[in-house]
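Just below is one structure, and these are the notes that go with it.
The values are calculated or read from the model by the stated rules, or taken from the named source; none is laboratory data. As the structure is a prediction and not an experimental result, all values here were calculated from the model. Neighbour counts are summed over all protein chains in view; Cβ atoms, including those assigned to glycine, are modelled from backbone coordinates with ideal geometry. Note: areas computed on protein heavy atoms with side chains; ligands, DNA, RNA excluded. Shrake-Rupley method; radii C 1.70, N 1.55, O 1.52, S 1.80 Å.
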Amino acid sequence: VPHVRPIIETLCYQGCRTQEALQLQWEHIDLEAGRIYFARTKNGEPRSVKMHAKVKTAITAIWSDRGQPTSGHVFLNRLGKPYSDTRDYKLPGGNPLRKAHETACRKAKVTDFRIHDWRHHWASWCVMSGIDLLTIQRMGGWKTLRMVERYAAVSTEHMDEAVLKIA
């Protein structure tokens, strides 16, 4: 689904929560500096992070296609409307991207991978790339290092390579 791809790229390469991505506003995107400002976060602490090059490319394309807007939502649904903010629902409302994500995973023959798993994937990828846990904590917006440790896992291959580095 073409309108979902840039959202998934943002989840994959920025490590943000789904609603942090879906509720991004143009005034929180600085394409010149290559930064995203997450204003409303789960832990209540706004954060500004550097945009990954793939995210910057995707968001720049949307910005250009829409006539370089300065306000409003960055990501729109298939009807051209903003996604609902499920953080305000009194009851668990589900993820507005769930169905599209499940369809994409089924087509790619990927099993047992939910939208939220992109956040785990990102944290693990960061650890295996050598990024320290404190930096991952701040980029991902976790309150504690303990939560980062729950999200970040390392592959068997990564552990095998680590053993070979020991003198």
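Residues that are within 14 Å of the chain's Cα centre (by Cα) and more than 20 Å from D85 (Cβ to Cβ) within the stretch 6-40 comprise E9, C12, Y13, R35, listed in sequence order.
Please verify whether the stretch 124-133 includes one or more residues that are of a type outside the set (D, E) and more than 18 Å from G15 (Cα to Cα). Give the derivation first.
Looking only at the stretch 124-133, we keep the residues that are of a type outside the set (D, E), and these are 124-131, 133.
When the remaining residues are screened for being more than 18 Å from G15 (Cα to Cα), the result is none.
There is no residue in the stretch 124-133 that is of a type outside the set (D, E) and more than 18 Å from G15 (Cα to Cα).
The criterion of being of a type in the set (S, T, N, Q) and surrounded by 13 or more Cβ atoms within 10 Å (Cβ to Cβ) does not hold for S155. When V110 is tested against the conditions (1) more than 23 Å from R40 (Cβ to Cβ); (2) in contact (Cβ under 8 Å) with a residue 12 or more places away in the chain; (3) of a type in the set (V, I, T), the lone failure is (2).
Scanning the stretch 46-71 for residues that are β-branched (V, I, T), open to solvent by less than 70 Å² (accessible area, probe 1.4 Å) and part of a helix (DSSP H, G or I), we see that the one that is nearest to G15 (Cα to Cα) is V55.
Residue count for the stretch 4-37 satisfying the condition of being open to solvent by less than 30 Å² (accessible area, probe 1.4 Å), of a type in the set (A, V, I, L, M) and assigned to a loop (DSSP other than H, G, I, E, B): 2.
Mind listing whichever residues of the stretch 33-81 are of a type in the set (S, T, Y) and touching a residue at least 60 places away in the same chain (Cβ under 8 Å)? Listed by number, the list holds a single entry, T41. Quick one: Q137 ticks every box in (1) of a type in the set (S, T, N, Q); (2) without any contact (Cβ under 8 Å) to a residue 12 or more places away in the chain; (3) touching a helix residue (DSSP H, G or I) at 6+ places or on another chain (Cβ under 9 Å); (4) surrounded by fewer than 16 Cβ atoms within 10 Å (Cβ to Cβ) bar one, so which box is it? Failed condition: (4).
Flag set for T86, criterion: in contact (Cβ under 8 Å) with a residue 60 or more places away in the chain and among the β-branched types (V, I, T).
D85 - would you say it is more than 21 Å from V127 (Cβ to Cβ), out of contact with any Cys (no Cβ under 6 Å at 6 or more places or on another chain), at pLDDT below 95 and of a type in the set (D, E)? Don't jump to the end; show me each part of the working.
Working: more than 21 Å from V127 (Cβ to Cβ): yes; out of contact with any Cys (no Cβ under 6 Å at 6 or more places or on another chain): yes; at pLDDT below 95: yes; of a type in the set (D, E): yes.
Here the answer is yes, as D85 does meet what is asked.
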